[in-house]
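As structure tokens, the structure follows; a few thoughts come after it.
The values are calculated or read from the model by the stated rules, or taken from the named source; none is laboratory data. Remember, it's a predicted structure, so these values are computed and weren't measured experimentally. Counting neighbours? That spans all protein chains shown, and the Cβs are built from the backbone with ideal geometry, glycine included. Keep in mind that these areas ignore ligands, DNA and RNA; they rest on the heavy atoms of the full protein, side chains included. Shrake-Rupley method; radii C 1.70, N 1.55, O 1.52, S 1.80 Å.
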Amino acid sequence: MTGTGYEPVDAGRLSDVLADLLVSIRIDHPLRVAVDGPRAASPIAHARRLLEPLRARGRVAEIIDAETFWRDASLRYEWGRTDLEAYAHHWLDADALRREVLSPLGPAGSSRFLPALRDQSTNRSVRAISVTVPSNAIVLIAGELLFGRGLTFDYTVHLALDSAARHRLTPPEWQWTLPAHDSYDREVQPAGLADIVVRCNDPRHPAIRIADEA
């Protein structure tokens, strides 16, 4: 299923298909995998569904919820709670994610990373204990708008929804963010950057596209 086109995949088998692809990648440090997608595509839920099949294939697997690396609320809301520019470019503390997760897991890193930084419900540090993983571990970093920030991932998955599907599936309280996702598709073009694209317009009938270089 490689090339430019999409191939349908049974929704119940999607996690196994992705897990098989991820365990086939061989590098000398933990595999840093972005699971990128709009809130309506549920990137965190997709990442969680990968844990069991990855572990069943003999790999240590962990998840980073990118929202736990959002900046302090006083910084996120400096221009208001619904400022699109802030949401798209400043809510995620990319420097902290790079410093606490991506760099330690990369080449010559310690393989010891911080699994979470801040509890968004309380806006306080979670005081998480650092986790050390073996060199063949797979660490999934899941969230929205992850590409185009200069973050280094070893492999990337994009959960794609077109604009109409995002509007249909996004909860009312997050509808204000939709123009940022339209801009992301237009300017960053995540579907063109990702190693794997999963089209999720109908979650019951996903389709997958795997880049040739994967």
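See the values below:
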| item | result |
| --- | --- |
| Search result, residues across the stretch 170-187 that are crowded, with 17+ Cβ neighbours inside 10 Å and touching a residue at least 60 places away in the same chain (Cβ under 8 Å) | 170, 177, 180, 181, 184 |
| Filtered residues of the stretch 119-161 (kept if within 19 Å of residue 211 (Cβ to Cβ) and either over 17 Å from the mean Cα position of the chain (by Cα) or among the hydroxyl-bearing types (Ser, Thr, Tyr) (or both)) | 152, 155, 156 |
| Count - residues of the stretch 188-211 that are farther than 17 Å from residue 156 by Cβ, surrounded by fewer than 16 Cβ atoms within 10 Å (Cβ to Cβ) and without any contact (Cβ under 8 Å) to a residue 60 or more places away in the chain | 1 |
| Out of 49, 98, sole residue that is of a type outside the set (Val, Ile, Thr) and free of Cβ contacts under 8 Å to residues at least 40 places away in the same chain | 49 |
| Residues of the stretch 79-107 that turn out to be crowded, with 19+ Cβ neighbours inside 10 Å and hydrophobic (A, V, I, L, M, F, W, C), as a count | 7 |
| Of all residues making up the stretch 37-58, the number that are part of a helix (DSSP H, G or I) and more than 21 Å from residue 132 (Cβ to Cβ) | 12 |
| Residues of the stretch 162-205 that turn out to be under 14 Å from the mean Cα position of the chain (by Cα) and either β-branched (Val, Ile, Thr) or at pLDDT below 95 (or both), as a count | 3 |
| Only listed residue being open to solvent by 60 Å² or more (accessible area, probe 1.4 Å), without any contact (Cβ under 8 Å) to a residue 60 or more places away in the chain and within 27 Å of residue 203 (Cβ to Cβ), chosen from 110, 74, 125, 121 | 121 |
| Any hit, the stretch 28-36, residues being in a helix (DSSP H, G or I), modelled with pLDDT of 95 or more and either open to solvent by 60 Å² or more (accessible area, probe 1.4 Å) or touching a Leu at 6+ places or on another chain (Cβ under 6 Å) (or both) | no |
| Search result, residues across the stretch 154-167 that are touching a residue at least 60 places away in the same chain (Cβ under 8 Å) and either open to solvent by 20 Å² or more (accessible area, probe 1.4 Å) or β-branched (Val, Ile, Thr) (or both) | 154, 156, 157 |
| Number of positions in the stretch 69-92 that are touching an Asp or Glu at 6+ places or on another chain (Cβ under 8 Å) and part of a helix (DSSP H, G or I) | 2 |
| Enumeration of residues in the stretch 43-61 that are under 20 Å from the mean Cα position of the chain (by Cα) and either open to solvent by 60 Å² or more (accessible area, probe 1.4 Å) or of a type in the set (Val, Ile, Thr) (or both) | 44, 48, 49, 52, 55, 60 |
| Residue among 140, 145, 151 that is among the hydrophobic types (A, V, I, L, M, F, W, C), under 20 Å from residue 87 (Cβ atoms), in contact (Cβ under 8 Å) with a residue 40 or more places away in the chain and surrounded by 21 or more Cβ atoms within 10 Å (Cβ to Cβ) | 145 |
